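**Student:** Take a look at this one; I'll ask things after.
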Amino acid sequence: MNTNSKSQLFFTIILIFALVLPTLSQAITFDVIGPCSLTPLFKGSFKTDLSENAGKISMDIFDFNKIPYIGTQDGMNSIFATPTGRDAMEIISNTKMRAYGWCYSINGKLPNLLPSQSFLKKQSDHLIWFYAFSTYDNGIWLNYCIPSYTIKSPQFCKASRFHTHPKH
């Protein structure tokens, strides 16, 4: 093999690694954080098409990993069989309640958009779904998407299955 052939072979090998290696390691990471603990109920990585919205990607992740959910690309009503409807409300007093549900973040930021309107930008992005509450008091919504593990409501956490980790 002459020097020119060795150079071409070396260049070809480098080119193959440059094209193939990035696709092998690129995958978004994700967590599903339940009502009672910051420790994820599920975490992992997932190769995805970044032209898809965060809602579609989430559904693909849940389907692929056989994570039970009720929801659409616009949002999740339940993940891992969390309560919905009236069962997802906590009455504090005659004027105050907490409504629970699922919120999401991308790279630690809460998009002010439905998941169907939000897009991940890089394969290194981190998507988190977390069970959260919004507080209603005297006719005013005081907050939203406060992680529920911060208060560990007995309604969800007393002898709860959400303390355990179904799957990693």
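The values are calculated or read from the model by the stated rules, or taken from the named source; none is laboratory data. Since we're looking at a predicted model, the values are computed, not measured. No Cβ is skipped: glycine too gets one built from the backbone with ideal geometry, and neighbour counts run over all protein chains shown.
**Student:** If you check Ala27 against the conditions, is it in contact with a Lys or Arg (Cβ under 7 Å, 6 or more places away or on another chain), modelled with pLDDT under 95 and either at negative phi or surrounded by 10 or more Cβ atoms within 10 Å (Cβ to Cβ) (or both)?
**Tutor:** So Ala27 passes the test.
**Student:** All but one of (1) at negative phi; (2) surrounded by fewer than 19 Cβ atoms within 10 Å (Cβ to Cβ) hold for Arg98; which doesn't?
**Tutor:** (2)
**Student:** So which residues in the range 31-62 are assigned to a helix (DSSP H, G or I) and either at pLDDT below 95 or not hydrophobic (A, V, I, L, M, F, W, C) (or both)?
**Tutor:** Within the range 31-62, Gly55, Lys56, Ser58, Asp60 meet the criteria.
**Student:** Name the single residue that is surrounded by the most Cβ atoms within 10 Å (Cβ to Cβ) among those in the range 101-143 being part of a strand (DSSP E or B) and of a type in the set (Phe, Trp, Tyr).
**Tutor:** Filtering the range 101-143 for residues that are part of a strand (DSSP E or B) and of a type in the set (Phe, Trp, Tyr), the one surrounded by the most Cβ atoms within 10 Å (Cβ to Cβ) comes out as Trp129.
**Student:** Please specify each residue of the range 76-88 satisfying the condition of being part of a strand (DSSP E or B) and surrounded by fewer than 16 Cβ atoms within 10 Å (Cβ to Cβ).
**Tutor:** Matches in the range 76-88: Asn77 only.
**Student:** In the list Asn65, Asn53, which residue meets the criterion of being surrounded by fewer than 20 Cβ atoms within 10 Å (Cβ to Cβ) and under 17 Å from Asn107 (Cα atoms)?
**Tutor:** Every option except Asn53 fails the conditions.
**Student:** Report every pair of residues separated by at least 6 positions or lying on different chains whose Cβ atoms are under 6 Å apart, first residue within the range 30-42 and farther than 16 Å from Gly101 by Cβ, second among the acidic types (Asp, Glu).
**Tutor:** That search, which allows pairs on different chains as well, returns Pro40/Asp31.
**Student:** Continuing with the same structure: Within the range 140-147, identify whether any single residue is of a type outside the set (D, E, K, R), under 17 Å from Phe30 (Cα atoms) and within 15 Å of the chain's Cα centre (by Cα), and answer yes or no.
**Tutor:** Yes, the range 140-147 has at least one match.
**Student:** Any chance you could count how many residues in the range 110-147 are in contact (Cβ under 8 Å) with a residue 60 or more places away in the chain and β-branched (Val, Ile, Thr)?
**Tutor:** Qualifying residue count, the range 110-147: 1.
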